[in-house]
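Engineer: Pasting in a structure now, in structure tokens, and then I'll have a few things to ask.
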Amino acid sequence: MPVIVTDFQWKQTEQKVIIKAPLKGIHHSKVDTFISRKFIKATYGHNYLEIILYSAIDLELSSVTLTSTEIVFDLKKADGRFWTSLEPNLTKTEKFALKKELLEEAYREEQSIDKKKSEKKCELKRLAVKKQIDIDSGIKEAISKVKKEEEKLALGDFDEWKEKVTRKLKSSNRPKISSDSPSTQIPKTRTSATTKIDFTPRQFPTPCRESKLEEEHEYLIKQAEARRSTGFVGEDIRPEERNPHFVKAKGDDFLKRKNYLGAISAYTYGIGLSKNFVDFYISRSEAHMAVGNFWRVIEDCSAALELLTPICEANLYERAVCIGRRGQALCRYGKRRQGIEELKYSLRLIDSEGFRQALDEEQRKYLEELEAEKKNKQDAIDNCR
């Protein structure tokens, strides 16, 4: 419960008002002060000082000083007249309304100051960029001028030699070569060909000459062992087993035995074999949900819904499952409001006890979040008062 400070002292001259309030043992680093045109405030510990001033003050020439024992407000009067009292004679309701008005005015002034600072900062930044562009342009122009001069000096002798050769050719009396002469025949164009170079396939980006074969071989062995620990490796499947239905059955078996990583590997391999096989996406979303990869669940369910077109009665159950599972994943991912809408839509398609329980649970949590947010806003409003 805040304690309103009343044992403060004040004095005035024609130009200033001095207000001193005791700190009551509170360290000055824990004091929060506020000064506006006609309102001052200070909070420290449980103590609360709030004064609506009799008349306006000059904010730019006013200040607050914190000593080890007291708070000193040094306020410059705006009108230069003696005040009959420190505060105006108002009722509690009038004081509250005036306080609200002064705080809103101070907030608008602060916004205006911030806006001016931002505009000034943008203008300075624009001028700095323009200045830098001018400097860069000057440097480029100077470099271009130097290059042209050097080029002119370098090509001067060449132009002189070219002119001499031209004069010499014009002055020579050599007979013209007949167009029928064999020497004037244009030779045939050489035949072109393309040489294809095949490189040995490698697992690593570096050339073979730069690699360390022993370390690479050891790394590949460890990676293969890690993949086999999940229970499924595509390289181990025989050619006759490389069909979507076999891989789907393999993944379903892993999923049934709760080997979720093996199931994810199998379904991913199956998608590589047949990317339009919708059952792979639906089953893989279930495995991702079991291990907590909620974003992957959302992606797989969305991909499955794109494949489940056109919308008809035959794919009603699969669409309902994908929408409901995506709703659960959205709730777990932190998008509870969107997830609740997805679960509701899924239940309109089919009645699922699991999705209904999930919807009830998520709605309860969503209401708790709204209540907590509402309570926090009310606490913030109470603290401002």
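The values are calculated or read from the model by the stated rules, or taken from the named source; none is laboratory data. The shown structure was predicted, so the numbers you read here are calculated from the model rather than taken from an experiment. Ideal geometry is used to build each Cβ from the backbone, glycine not excepted, and the neighbour counts take in all protein chains shown. Heavy atoms of the whole protein, side chains included, go into the accessibility calculation; ligands, DNA and RNA do not. Shrake-Rupley method; radii C 1.70, N 1.55, O 1.52, S 1.80 Å.
Engineer: At 7 Å along Cα-to-Cβ for each site, give me the label-to-label distance between K30 and F158 in nm.
Structural biologist: 8.3
Engineer: Now a separate question. Using 0.36 nm per residue of separation minus the Cα-Cα distance, give me the extension gain between E149 and I381 in nm, one decimal.
Structural biologist: Residue separation times 0.36 nm, minus the Cα-Cα distance, leaves 76.2 nm.
Engineer: Which whole DSSP H helices in the chain pass both tests: a Cα extent of 15 Å or more along the axis and a mean Kyte-Doolittle value no lower than -1.0?
Structural biologist: Those that pass (Cα extent of 15 Å or more, hydropathy at least -1.0) are 244-256, 260-273, 278-291, 294-307, 316-333.
Engineer: Can you list the lysines whose alpha carbon sits under 16 Å from that of K365, skipping same-chain ones fewer than 8 residues off?
Structural biologist: Straight-distance partners of K365: K335, K344, K374, K375.
Engineer: Still on this structure, I have one more. Take D300, D252 and sort them by solvent-accessible surface of the protein heavy atoms, 1.4 Å probe, largest at the top.
Structural biologist: In descending accessible area the options line up as D252, D300.
Engineer: Extension gain D79-E50, at 0.36 nm per residue separation less the Cα-Cα distance, in nm?
Structural biologist: 8.2 nm
Engineer: While we're here: Among rounded, prolate and oblate, which fits region 1-125 when a ≥ b ≥ c are the square roots of the eigenvalues of its C-alpha gyration tensor, a/c under 1.5 means rounded, and a/b larger than b/c means prolate?
Structural biologist: Prolate, because a/c is 1.5 or more and a/b exceeds b/c.
Engineer: Counting other C-beta atoms within 10 Å, and keeping those with at most 10, which DSSP coil GluC sites (Glu not before Pro) do you find in region 298-339?
Structural biologist: For GluC sites (Glu not before Pro) across region 298-339 that sit outside H, G, I, E and B with at most 10 neighbouring Cβ atoms in 10 Å, the list is empty.
Engineer: Just reorder K20, K256 by solvent-accessible area, largest first, 1.4 Å probe, all chains present.
Structural biologist: K256, K20
Engineer: So what's the back-of-envelope 222 nm ellipticity for the chain, counting only DSSP H runs of four-plus at -39500 (n - 2.57) apiece and dividing by all residues, rounded to 500?
Structural biologist: For the chain, the value works out to -19500 deg cm²/dmol.
Engineer: Near K24, which lysines are there with a Cα under 29 Å away, not counting those fewer than 8 places off in the same chain?
Structural biologist: Here the lysines satisfying the reach criterion relative to K24 are K11, K16, K38, K41, K76, K77, K92, K95, K99, K100.
Engineer: Quickly work out the Y366-to-I135 label distance, labels modelled 7 Å from Cα along the C-beta direction, and quote it in nm with one decimal.
Structural biologist: With each label point 7 Å from Cα toward Cβ, the separation is 5.6 nm.
Engineer: If you don't mind, another one. To the nearest 10 Å², what's H27's accessible area with a 1.4 Å probe?
Structural biologist: Here the accessible area works out near 100 Å².
Engineer: At 1.4 Å probe size, put H288, H28 in order of accessible surface, largest to smallest.
Structural biologist: H28, H288
Engineer: Compute the length gained on full extension between E215 and E306: take 0.36 nm times their separation in residues and subtract their Cα-Cα distance, giving the result in nm to one decimal.
Structural biologist: My answer for the length gained is 28.3 nm.
Engineer: Also, quick follow-up: Using a Gaussian network for the chain with springs between C-alpha atoms less than 10 Å apart, which of these wobbles most: K258, K121, K100?
Structural biologist: Result: K121 has the largest fluctuation of those listed.
Engineer: Still on this model: If we sort 355-361, 136-142 on the protection proxy, mean other Cβ atoms within 10 Å, highest first, what's the order?
Structural biologist: 355-361, 136-142
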